[in-house]
Structure formats: structure tokens, C-alpha cells
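Student: Below is one structure. I have some questions about it.
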Amino acid sequence: MNTPLIAPGTFVTYARGLDLPALSGIYADAGLPARTKGASDGWVWVTHDAAGVSGGEVAKQAGYVTGYRYEDRFGRPNPVETVFLASTPACECPHGQNYGVPHCDAHPFQFLHSRRGFATTYFNVGRRRESRRQGDLLVRELLEAGIVGRETPRYEAEPGFNDDGAVTLRIIADHFGLPATG
């Protein structure tokens with residue numbers, strides 16, 4: 001049985017380029033104390049209970065950690081990289097259906113990769129949502145898995161294929177070498 005990458009109803013911010021006390025301290029200072037935290041394989045992470053915090057604020061902070069706000073602490077240019085994952089439903093709000101439009105605070109993008117203060121790639125996962133993405137990171141892996149692209153025969157051959165986004169999350173975890181937090 002596979003351990004899920006993250007527990008249901010959780011926001012997790014993985015960071016590389018800083019230590020665990022720094023990451024957990026940054027979130028605590030922002031009024032977002034971590035539910036759990038850990039370190040493994042070059043990554044540190046903090047988790048938040050989706051029912052207790054604004055997902056938009058947690059995701060925004062993941063980007064801030066990598067930007068100019070923290071250059072005094074981590075150096076210039078800021079070497080920190082973050083991966084934010086949400087195991088919450090994708091935004092169904094009318095304005096949150098398009099990849100370039102900000103989602104509501106209750107439903108942040110389920111995947112964001114940030115460097116130098118900007119989200120380089122972001123999208124929702126499962127049920128073909130990956131085709132509405134911003135950024136080119138992971139495109140090759142998503143194409144090879146048949147999740148995006150003109151030819152996606154697994155969706156027709158396997159009803160329910162990747163509906164929950166588990167295949168996409170595995171691709172993300174493998175690409176970055178992310179440890180499980182759930």
C-alpha cells in the first residue's frame with residue numbers, strides 16, 4: 001500500500017535552500033504556525049490544516065519565501081525554491097477555472113512551484129485539469145504519462161484515470177524528489 005504524498009485536507013509547503021527552523025519561523029511570523037513539519041532528502045516542509053487557515057495565504061507565503069522580502073536573510077539572488085501542494089478540491093469558482101486567473105483564498109492552485117518570488121509553474125491536478133496550466137515545468141513528464149497533450153488515450157481506455165490527481169502528484173514528487181508528509 002502506498003503512503004499518500006500528503007494527507008487529505010492539507011496544505012504543504014516544501015522548501016529547498018533553507019533550514020527547518022527558518023521555514024517554520026517564517027510561517028509562524030506570518031500568523032500561520034505549522035501543524036506538522038519535517039526535513040528529508042534536502043527538503044524541509046511545513047503543513048497546514050486546510051480547515052484552519054486560508055489556502056491563498058499559505059500559498060502566497062510559499063512564493064514570498066523565495067523572493068526579495070527574504071534576500072537579507074538568504075542572500076541575493078534568493079536561492080530558495082518552494083513547492084506548494086494542496087490536497088483540497090480544485091477551485092470551482094467561475095473566476096478560478098482559467099489558468100491565468102487567481103483562485104479564491106479557499107481554493108489555491110493545488111500545485112505551485114516558486115523561485116525568486118514568482119510562481120514559475122502552477123495548475124490544478126486530476127480530471128484533466130493539468131491542461132489548464134501556467135508554465136512549462138513538468139510538461140515532458142505530463143505528456144509522457146498521457147495526462148496532457150493531443151493524445152491522451154488512457155483517459156478513454158481507463159475510466160476514472162487520474163481523477164484524483166494521484167498520478168500527477170507522483171510525477172511532481174518524482175520530479176522534485178519530494179518526501180511524503182502524510
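Student: Is it true that Ala34 is touching a residue at least 24 places away in the same chain (Cβ under 8 Å) and under 25 Å from Asp105 (Cβ atoms)?
Tutor: no
Student: Suppose we keep only residues that are among the hydrophobic types (A, V, I, L, M, F, W, C) and in a loop (DSSP other than H, G, I, E, B) within segment 105-119. Which one would you say is surrounded by the most Cβ atoms within 10 Å (Cβ to Cβ)?
Tutor: Within segment 105-119, the match that is surrounded by the most Cβ atoms within 10 Å (Cβ to Cβ) is Phe109.
Student: Then there is this: For segment 1-10, give me each residue that is aliphatic (A, V, I, L, M) and either open to solvent by 50 Å² or more (accessible area, probe 1.4 Å) or not in a loop (DSSP other than H, G, I, E, B) (or both).
Tutor: Passing the criteria: only Met1.
Student: For Tyr68, which of the numbered conditions (1) of a type in the set (Ser, Thr, Tyr); (2) open to solvent by 70 Å² or more (accessible area, probe 1.4 Å); (3) under 24 Å from Val148 (Cβ atoms) fails to hold?
Tutor: Here Tyr68 clears every test but (3).
Student: Looking at segment 138-162, I want the residues that are surrounded by fewer than 10 Cβ atoms within 10 Å (Cβ to Cβ) and have a partner that is part of a loop (DSSP other than H, G, I, E, B) and at pLDDT 90 or above with Cβ atoms under 9 Å, at least 6 apart or on another chain. Which pairs are those?
Tutor: Pro153/Gly146
Student: May I ask you to list pairs of residues, at least six apart or on different chains, whose Cβ atoms are under 9 Å apart, with the first in segment 55-78 being within 15 Å of Leu32 (Cβ to Cβ) and of a type in the set (S, T, N, Q) and the second being at pLDDT 95 or above and exposed (fewer than 15 other Cβ atoms within 10 Å of the Cβ)?
Tutor: Every condition considered, the pairs that remain are Gln61/Ala30.
Student: Within segment 11-63, take every residue that is of a type in the set (Val, Ile, Thr) and farther than 14 Å from Val83 by Cα and give me the one that is most open to solvent (accessible area, probe 1.4 Å).
Tutor: Across segment 11-63, the extreme among qualifying residues is Thr36.
Student: Same structure, new question: Residues of segment 123-137 being touching a residue at least 24 places away in the same chain (Cβ under 8 Å) and in a loop (DSSP other than H, G, I, E, B), which ones?
Tutor: Passing the criteria: Asn124, Val125, Gly126, Arg127, Arg128, Arg132, Arg133, Leu137.
Student: Look at segment 167-182 and say how many of its residues are open to solvent by 30 Å² or more (accessible area, probe 1.4 Å) and in contact (Cβ under 8 Å) with a residue 60 or more places away in the chain.
Tutor: The number of residues fulfilling the criteria is 6.
Student: In this structure, does Leu85 turn out to be within 22 Å of Gly42 (Cβ to Cβ), of a type in the set (A, V, I, L, M) and surrounded by fewer than 20 Cβ atoms within 10 Å (Cβ to Cβ)?
Tutor: For Leu85, the condition - within 22 Å of Gly42 (Cβ to Cβ), of a type in the set (A, V, I, L, M) and surrounded by fewer than 20 Cβ atoms within 10 Å (Cβ to Cβ) - is not met.
The values are calculated or read from the model by the stated rules, or taken from the named source; none is laboratory data. Not measured: the values here are computed from a predicted model. Neighbour counts run over all protein chains shown; Cβ positions are idealised from the backbone, glycine included. Quick note on the areas: whole protein, heavy atoms, side chains included, nothing else; ligands and nucleic acids left out. Shrake-Rupley method; radii C 1.70, N 1.55, O 1.52, S 1.80 Å.
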